[in-house]
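Novice: Sharing a structure, written as structure tokens. Questions coming.
The values are calculated or read from the model by the stated rules, or taken from the named source; none is laboratory data. Note that the coordinates shown come from a computational prediction; the quantities given were computed from them, not determined experimentally. Positions of Cβ are backbone-derived with ideal geometry, glycine not excepted, and every protein chain shown enters the neighbour counts.
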Amino acid sequence: MPPFQPAVLPASSAKVKKGWIAVEFYDVRTRAKVIVPDDRVRKQKIERVTASGVQTRYAVTAEEGGSRLFKFVSRDLYERLNVPEVS
């Protein structure tokens, strides 16, 4: 596997390149975009009960530079990510 090379990512905020995925987060503390390789990313499914039924949201989390990063993602991206799931 080649060394991780930060790159400008498309609007989907994830890019598959030769077996790895990088996810782009926005760090609120530094007010900058941060690109995190998939080995430091965890995915999380959040379900809540509403009056009209159960709502499912998909998210990815990571820690970078002492900051906890969180981002909602599409179901498609959530399923494509091959990273551990946080309960």
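Novice: Could you please find all residues in the stretch 16-36 being modelled with pLDDT of 90 or more and not aliphatic (A, V, I, L, M)?
Specialist: Across the stretch 16-36, the qualifying residues are Glu24, Phe25, Tyr26, Asp27, Arg29, Thr30, Arg31, Lys33.
Novice: Given Ser13, Ser67, Ser74, which one is of a type in the set (Ser, Thr, Tyr), closer than 19 Å to Val86 by Cβ and at pLDDT below 90?
Specialist: Working: Ser67 fails: at pLDDT below 90; Ser74 fails: at pLDDT below 90.
Exactly one of Ser13, Ser67, Ser74 is of a type in the set (Ser, Thr, Tyr), closer than 19 Å to Val86 by Cβ and at pLDDT below 90, namely Ser13.
Novice: For the stretch 44-87, give me each residue that is closer than 13 Å to Ile21 by Cα, touching a residue at least 40 places away in the same chain (Cβ under 8 Å) and in contact with a strand residue (DSSP E or B) (Cβ under 7 Å, 6 or more places away or on another chain).
Specialist: Of all residues in the stretch 44-87, those closer than 13 Å to Ile21 by Cα come to 60, 77-83.
In the following step, the residues that additionally are touching a residue at least 40 places away in the same chain (Cβ under 8 Å) were identified as 77, 80-83.
Residues satisfying the conditions are Leu77, Leu81, Val83.
Novice: Residues of the stretch 27-69 being loosely packed, with under 13 Cβ neighbours inside 10 Å, assigned to a strand (DSSP E or B) and either among the small types (Gly, Ala, Ser) or within 12 Å of the chain's Cα centre (by Cα) (or both), which ones?
Specialist: Across the stretch 27-69, the qualifying residues are Ala32, Gly53, Glu63, Arg68.
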